[in-house]
Amino acid sequence: MSPPPDLASLSLADIARLAEADKLPPVDKWNPAHCGDSEMRIARDGSWTHQGSPISRQEMVRLFSTILRREPEGNFVLVTPVEKLDIEVEDAPFVAVEMKAEGSGEAMRIAFRLNTGDLVTAGPNHPLRFTDGPEGPRPYLLVRGGLEALVARTVYYELVEIALANGTPPGVWSDGSFFPVNAGDGAVAA
């Protein structure tokens, strides 16, 4: 696997081409029997562990992330054509660690790089949503198949800066969709 690209050096058109070329296994079409527990866990900060020990090889994390699926009941599994194993996910399986915005107003596009190296452009197929959590607003980006990325706090601050510049209601545009940035009561909290 190649190292993740440097988001700052790419245009949004480059990002879209890379994301399109990054083909994933058809995990939604695989229906093997449940085999047990993988003894793996994805922590809220996006770190992966196996039997309590960190998985430090980024290539392994990337590989496992490509066979991750969210079941209709809400639980997460690692799936191959021949086996399905449970995996514990503390919050969201991915973390959006970097963003790049181009354009302004309704013509703006915002791309995110995930902790796994995946590139995702927010829009109708990858909406942003904001919820309240004990530590304040929690922004999420839909990645694929019910799998979301928690937007890292530093990236959230960048989104809030754009949202406040866009006027009332505060929000961000990306790929033709508007995503209001609110914290339960409609107020932006940073």
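The values are calculated or read from the model by the stated rules, or taken from the named source; none is laboratory data. Computed from a prediction, not measured in an experiment: that's the story for all the values here. Cβ: placed from backbone, ideal geometry, glycine included. Neighbour counts: every protein chain shown. Note: accessible area is taken over every heavy atom of the protein model, side chains too, but ligands, DNA and RNA are not part of it. Shrake-Rupley method; radii C 1.70, N 1.55, O 1.52, S 1.80 Å.
The set of residues in segment 91-115 that are open to solvent by 10 Å² or more (accessible area, probe 1.4 Å), outside any strand (DSSP E or B) and closer than 16 Å to Val61 by Cα contains only Asn115. Within segment 142-176, the set of residues being free of Cβ contacts under 8 Å to residues at least 12 places away in the same chain and open to solvent by less than 70 Å² (accessible area, probe 1.4 Å) comprises Gly167, Gly171. Candidates are the residues of segment 77-90 that are β-branched (Val, Ile, Thr) and modelled with pLDDT under 95; the one that is surrounded by the most Cβ atoms within 10 Å (Cβ to Cβ) is Val79.
Somewhere in segment 119-137, is a residue in a strand (DSSP E or B), open to solvent by less than 50 Å² (accessible area, probe 1.4 Å) and charged (D, E, K, R)? No, there is no match, as no residue in segment 119-137 is in a strand (DSSP E or B), open to solvent by less than 50 Å² (accessible area, probe 1.4 Å) and charged (D, E, K, R). For segment 63-76, the condition of being closer than 30 Å to Ala165 by Cβ and either without any contact (Cβ under 8 Å) to a residue 24 or more places away in the chain or in contact with a strand residue (DSSP E or B) (Cβ under 9 Å, 6 or more places away or on another chain) (or both) holds for none of the residues.
When we screen Arg57, Arg41, Arg70 for residues that are within 15 Å of Leu147 (Cβ to Cβ) and open to solvent by 70 Å² or more (accessible area, probe 1.4 Å), the only hit is Arg70. Restricting segment 177-188 to residues that are at pLDDT 90 or above and open to solvent by 50 Å² or more (accessible area, probe 1.4 Å), the residue that is farthest from Gly123 (Cα to Cα) is Pro180.
Given the options Glu158, Glu88, name the one that is out of contact with any Pro (no Cβ under 6 Å at 6 or more places or on another chain) and in a helix (DSSP H, G or I). Result: Glu158 is the single residue among Glu158, Glu88 that is out of contact with any Pro (no Cβ under 6 Å at 6 or more places or on another chain) and in a helix (DSSP H, G or I).
State whether one or more residues within segment 11-34 are at pLDDT 90 or above and in a strand (DSSP E or B). Yes; the residues of segment 11-34 include at least one that is at pLDDT 90 or above and in a strand (DSSP E or B).
Of all residues in segment 46-57, none are within 26 Å of Pro134 (Cβ to Cβ), among the hydrophobic types (A, V, I, L, M, F, W, C), touching a residue at least 40 places away in the same chain (Cβ under 8 Å) and part of a strand (DSSP E or B).
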